[in-house]
């Protein structure tokens, strides 16, 4: 089972948006996906509880962070991909959690505040020795989006598609859908391209 951890120490960057939509896209691609929500806010679990479909799956309870490895080991026989949402902070258990991942995705908004804050996350991921990639989120059609992508590319890989500012991302957080299920072709194309990129990294 492969594990994707979505992490950044900046709040409001769209971690849960990325987690839920990536999990749906992976499920549609034939993966048996388990979602785990380590964020006390429980946004990913709240979305999943409003979802009608049985997949992707979640456990009855999300594990305490220190039990994550045991949970992942127990899930290996049933799932082939696990996507984990994390809190917008640097808790003392984050390094141990990062080390359990095969890939870390770092969502970043195109803003000076996000760029200033992302260095801490990069340092933590590099310290854990885990591959990572940036995913730009909530992107407007503006020069700052291109400038942010250029700056991030100096530090690591950047997904070729951005999660744009679209109402459908907020709407589907309440309906339990992924945007690839909601009939918005532009949003669906963004997420599908990001998933194909992530799948390529995981497949080596």
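Identify, from the list 44, 105, 34, the residue that is assigned to a helix (DSSP H, G or I) and either at pLDDT below 90 or in contact with a strand residue (DSSP E or B) (Cβ under 7 Å, 6 or more places away or on another chain) (or both).
The match here is 44.
For segment 57-96, the tally of residues that are farther than 30 Å from residue 145 by Cα and either part of a helix (DSSP H, G or I) or more than 16 Å from the chain's Cα centre (by Cα) (or both) stands at 25.
Kindly establish whether residue 100 is assigned to a loop (DSSP other than H, G, I, E, B) and touching a helix residue (DSSP H, G or I) at 6+ places or on another chain (Cβ under 6 Å). Here the answer is yes, as residue 100 does meet what is asked.
Would you confirm, using the coordinates I've provided, whether residue 35 is touching a helix residue (DSSP H, G or I) at 6+ places or on another chain (Cβ under 7 Å), farther than 19 Å from residue 124 by Cβ, surrounded by 19 or more Cβ atoms within 10 Å (Cβ to Cβ) and without any contact (Cβ under 8 Å) to a residue 60 or more places away in the chain? Yes: the conditions hold for residue 35.
Scanning segment 1-31 for residues that are out of contact with any strand residue (DSSP E or B) (no Cβ under 7 Å at 6 or more places or on another chain), on the phi < 0 side of the Ramachandran plot and not in a helix (DSSP H, G or I) yields 9, 10, 11, 29.
Picking from residues in segment 110-132 that are closer than 19 Å to residue 87 by Cβ and in contact with a helix residue (DSSP H, G or I) (Cβ under 8 Å, 6 or more places away or on another chain), the one that is modelled with the highest pLDDT is 132. The combined condition, being part of a loop (DSSP other than H, G, I, E, B) and farther than 23 Å from residue 134 by Cα, is fulfilled by residue 54. So is residue 135 touching a helix residue (DSSP H, G or I) at 6+ places or on another chain (Cβ under 8 Å) and not in a helix (DSSP H, G or I) or not? So residue 135 fits the description; yes. For segment 180-194, the candidate set comprises residues that are touching a strand residue (DSSP E or B) at 6+ places or on another chain (Cβ under 9 Å) and surrounded by 15 or more Cβ atoms within 10 Å (Cβ to Cβ); within that set, the residue that is farthest from residue 160 (Cα to Cα) is 187. If you filter segment 138-171 down to residues that are in contact (Cβ under 8 Å) with a residue 60 or more places away in the chain and either touching a helix residue (DSSP H, G or I) at 6+ places or on another chain (Cβ under 7 Å) or loosely packed, with under 13 Cβ neighbours inside 10 Å (or both), you find that the one that is farthest from residue 99 (Cα to Cα) is 169.
Once segment 57-102 is narrowed to residues that are closer than 21 Å to residue 14 by Cα, out of contact with any strand residue (DSSP E or B) (no Cβ under 7 Å at 6 or more places or on another chain) and touching a residue at least 40 places away in the same chain (Cβ under 8 Å), the residue that is surrounded by the fewest Cβ atoms within 10 Å (Cβ to Cβ) is 89.
The values are calculated or read from the model by the stated rules, or taken from the named source; none is laboratory data. On a predicted model such as this, the values are computed, not experimentally measured, just so you know. Glycine also receives a Cβ, built like all others from the backbone with ideal geometry; neighbour counts cover every protein chain displayed.
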